[in-house]
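Structure first, commentary second.
The values are calculated or read from the model by the stated rules, or taken from the named source; none is laboratory data. Worth saying up front: this structure is predicted, and the values here are computed from it rather than measured. Neighbour counts run over all protein chains shown; Cβ positions are idealised from the backbone, glycine included.
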Amino acid sequence: MMSHQHVGIHIAGDIIMSDNPGEAIKKWRLIFGLTQTAIATKLNTSPSVISDYESGRRKFPGSRFVKKFVQALIDTDLERGGLVINLLERQLLKEKFWLAVLDMREFSEPVPVSAFLQAIEAEVLVRPPSGLDVHGYTVVDSVKLVLEVPPVEYVRLYGSTTQRAAIFTKVSTGRSPMIAIKSMSSVLSIKPAVVVLHGIKPEAVDPLAVEIAKRSYIPLAVTSLPIEKLIENLRQL
């Protein structure tokens, strides 16, 4: 079974990516069976504040509120036995995210990022910091990710740890995955240890993708190693 963190990430992503965050907040409050008064008590605020967010009378509350709101939902449900969380976990395991995953693994021991990048014959565009280790990786088909998977699920690329590599195949410029990562990391305070763009030459990478990587302190690399060989090499680490 996945960790409660995955459920929290899903809920936060749904709120953040919603065209109407207030409605999303109300939806999740009701799913967890909480009144405005109950959630307000958990958040040390007043029911009128919750009502204003839900109705749109107040502007989007921002990442800090969303984090506290999601944690309050999870904590309350766990106190009640975790029924809603367990149902959500089972639903998430069945979702389309897995259609886009080509390979996903946690290393038994951390791997130095230099060894990781060498194994996939990657060319570095944004250098990793000294001493960085990679604890796992996820290889995804970017086309299927965009066509089949809701953006709120992108953060599931991190698996059980954020200290992992996200490898995107079939990219044209690398712009879309970096924008998605930036959006989620700014709110959820999580980001991959390194991003690798597969099947693209360094000169084809969008300058915006490189700039996002630099400003977000995310190492960025590219590789053209055949995908079967790439996965084979990674499994030998």
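Computed values, structure above
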read-out: Failed criterion for residue 41 (all others in (1) among the polar types (S, T, N, Q); (2) surrounded by 14 or more Cβ atoms within 10 Å (Cβ to Cβ); (3) at pLDDT below 90 hold); value: (3)
read-out: Any chance residue 73 is surrounded by 13 or more Cβ atoms within 10 Å (Cβ to Cβ) and assigned by TED's automatic domain parsing to the domain that holds residue 191; value: no
read-out: Residue 43 more than 22 Å from the chain's Cα centre (by Cα), within 25 Å of residue 185 (Cβ to Cβ) and hydrophobic (A, V, I, L, M, F, W, C); value: yes
read-out: Test: residue in segment 155-166 that is surrounded by fewer than 23 Cβ atoms within 10 Å (Cβ to Cβ), at pLDDT below 70 and among the charged types (D, E, K, R); value: yes
read-out: Qualifying residue in segment 44-54 (condition: of a type in the set (Gly, Ala, Ser), in contact with a helix residue (DSSP H, G or I) (Cβ under 7 Å, 6 or more places away or on another chain) and surrounded by 12 or more Cβ atoms within 10 Å (Cβ to Cβ)); value: yes
read-out: Candidates 181, 212 - the one that is among the β-branched types (Val, Ile, Thr), closer than 22 Å to residue 105 by Cβ, in a helix (DSSP H, G or I) and within 21 Å of the chain's Cα centre (by Cα); value: 181
read-out: Qualifying residue in segment 127-146 (condition: surrounded by 15 or more Cβ atoms within 10 Å (Cβ to Cβ), hydroxyl-bearing (Ser, Thr, Tyr) and either modelled with pLDDT of 95 or more or assigned by TED's automatic domain parsing to the domain that holds residue 22 (or both)); value: no
read-out: Qualifying position, being assigned by TED's automatic domain parsing to the domain that holds residue 135, touching a residue at least 12 places away in the same chain (Cβ under 8 Å), buried (at least 18 other Cβ atoms within 10 Å of the Cβ) and under 18 Å from residue 100 (Cα atoms), among 200, 212, 181; value: 181
